[in-house]
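Since the structure comes first, as C-alpha cells, the remarks are kept for the end.
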Amino acid sequence: MQSAKKVAVVQAGSHPFDPMLTAEKGARLISEAASKKATVVVFPEAFLGGYPKGASFGSPVGKRTEEGRDEFLRYYRSAIDLDGPELTLITDAAQAHNVFVVMGVIERTAYTLYCTVLYIDPEQGLVGKHRKLMPTGGERIIWGFGDGSTLPVFKTGVGTVGAVICWENYMPMMRSAMYGKGVDVYCAPTADDRDTWLASMQHIALEGRCYVLSACQYLTRGDFPDDYDCLLAPASEPETILMRGASMIVSPMGEVLAGPLFNEEGILYTEVSQGVIVRSKLDFDPVGHYARPDVFSLHVDTEAKSPVRSD
C-alpha cells in the first residue's frame, strides 16, 4: 500500500480582470507548494478568471442595463481560453515542479462562460475538466450550466482525485456520484466562506470516508478596480473583506487536519494516506457495504448535451 503523500490547499485571491497576472501568481504558489513536497495542489473556485463578488451586472429581475452589459464584457475578456497563454503558464509550472494541479477557472467558449475546474497532470498537461452543473443564484446570469460529461476523476500518486464546486456540494446525488467513482481526495473549490460551510466539509469527509480539500479565495474591495460595480462595499473602503477564505483540509473521519484559515492568504498542507482511508471504511462505505441498491440507486447521465446536433 502506498506511503503517505503531501497535498496542499491554496488560499489566495485573483488579480481581478488580469488573468495573466493571476496565472503568474498561481505559478509562484505551485512552486512554493512543491518546495514543501506537495504532490497535489488545489486552488479556489474561479481563481483564473475571477469571482465577481458583489457584482450585479445590472440585471434586476425584468431588466438589463447598458452598464451591466459593459461589466459582462469586461468579465468575459478576463476569462481564459483552454489553449491560452495563462493555462500554458500553469501547465509549465506543474510540469517543472512535478505537481498535479486542481484549479478553478472561468472558461470562455464562443460566447458563454463556465465556472470550471481543470485537472493538470505534470506529465500529460490538461487531462480533464469539470464544469459547474448548477451555478448559484446570480451566477446563473453570467455562467452556463455544465452537464454530466464533465464529471471525471483521476488516479494520482495520492489516490483518486475529483472535484465538486461550491454549492454543488449541497447536491446529495452529486456527492453520491463522486463516491461511486471512488474519490479518495475530494476537492471542493468554493466561494463560500461562511461558518456553515465548515460543517458541510466535515460532514462530506465523514459521509464519503475521503479526504476533503476545500479552497477559497481571500479578497478585499481594494483588490478590485475603483470602478468595479460592487454592491458590498464602495471603492472608498478598500480594506473591506469580500471573501475571508476559510479554506481547510479534513480527514476521512471528519477531523480537521489544517485550517480553517481566515482573513489572509496562505497554503495549507497535510499528508494523505491510503491506509487511513481504508481504516475509515470499516464501519461505513456509502457506495459499498453500507449501501442498499435494492432500495436506492442513482443513474448518472454522462452524455454531452449539445444544443445543436447534426446527424
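Given the criteria more than 17 Å from the chain's Cα centre (by Cα) and part of a loop (DSSP other than H, G, I, E, B), does A93 qualify? Criteria not met by A93. Among residues of the range 54-76 being more than 15 Å from D227 (Cα to Cα) and in contact (Cβ under 8 Å) with a residue 12 or more places away in the chain, the one that is least open to solvent (accessible area, probe 1.4 Å) is S59.
Would you check which residues across the range 1-27 are touching a residue at least 40 places away in the same chain (Cβ under 8 Å) and open to solvent by 30 Å² or more (accessible area, probe 1.4 Å) and list them?
First, the residues of the range 1-27 that are touching a residue at least 40 places away in the same chain (Cβ under 8 Å): 1-20, 22-24, 26-27.
Within the range 1-27, M1, Q2, S3, A4, K5, K6, H15, F17, D18, M20, E24 qualify.
Consider A38 carefully, then state whether it is in contact with a Lys or Arg (Cβ under 6 Å, 6 or more places away or on another chain) and closer than 22 Å to T190 by Cβ. Taking the combined requirement at face value, the residue satisfies it.
Applying the condition of being hydroxyl-bearing (S, T, Y) and open to solvent by less than 40 Å² (accessible area, probe 1.4 Å) to the range 192-235 and asking which residue is farthest from V276 (Cα to Cα) yields Y228.
Mind checking whether some residue in the range 36-53 is open to solvent by 40 Å² or more (accessible area, probe 1.4 Å), touching a helix residue (DSSP H, G or I) at 6+ places or on another chain (Cβ under 7 Å) and not in a strand (DSSP E or B)? Within the range 36-53, not a single residue is open to solvent by 40 Å² or more (accessible area, probe 1.4 Å), touching a helix residue (DSSP H, G or I) at 6+ places or on another chain (Cβ under 7 Å) and not in a strand (DSSP E or B).
So which strands (runs of 3 or more DSSP E) stay within the range 187-272 end to end and still have 1 or more residues that are hydroxyl-bearing (S, T, Y) and in contact (Cβ under 8 Å) with a residue 12 or more places away in the chain?
Working: elements: 211-216, 218-220, 241-250, 256-262, 266-272.
Correct list: 211-216, 218-220, 241-250, 266-272.
Only one of the listed residues (G157, G138) is of a type outside the set (A, V, I, L, M, F, W, C), modelled with pLDDT under 95, over 15 Å from the mean Cα position of the chain (by Cα) and under 18 Å from Q274 (Cα atoms). That residue is G157. Of the residues making up the range 88-110, those that are under 16 Å from K36 (Cβ atoms) and not small (G, A, S) are H97, N98, V99, F100, V101. Evaluate the following for P172: is it free of Cβ contacts under 8 Å to residues at least 24 places away in the same chain and open to solvent by less than 10 Å² (accessible area, probe 1.4 Å)? Spelling it out, it is not the case that P172 is free of Cβ contacts under 8 Å to residues at least 24 places away in the same chain and open to solvent by less than 10 Å² (accessible area, probe 1.4 Å). Pairs meeting the criteria (first residue in the range 123-146 and surrounded by 14 or more Cβ atoms within 10 Å (Cβ to Cβ), second residue of a type in the set (K, R), beta carbons under 6 Å, at least 6 apart or on different chains) are G146/R131; G146/K132. Can you confirm whether G104 is crowded, with 21+ Cβ neighbours inside 10 Å and either within 14 Å of the chain's Cα centre (by Cα) or not aliphatic (A, V, I, L, M) (or both)? Answer is yes for this residue.
The values are calculated or read from the model by the stated rules, or taken from the named source; none is laboratory data. Bear in mind the structure is a predicted one, so any value in this text is a computation, not a measurement. In this analysis, Cβ positions are derived from the backbone assuming ideal geometry, glycine residues included, and neighbour counts consider all displayed protein chains. Quick note on the areas: whole protein, heavy atoms, side chains included, nothing else; ligands and nucleic acids left out. Shrake-Rupley method; radii C 1.70, N 1.55, O 1.52, S 1.80 Å.
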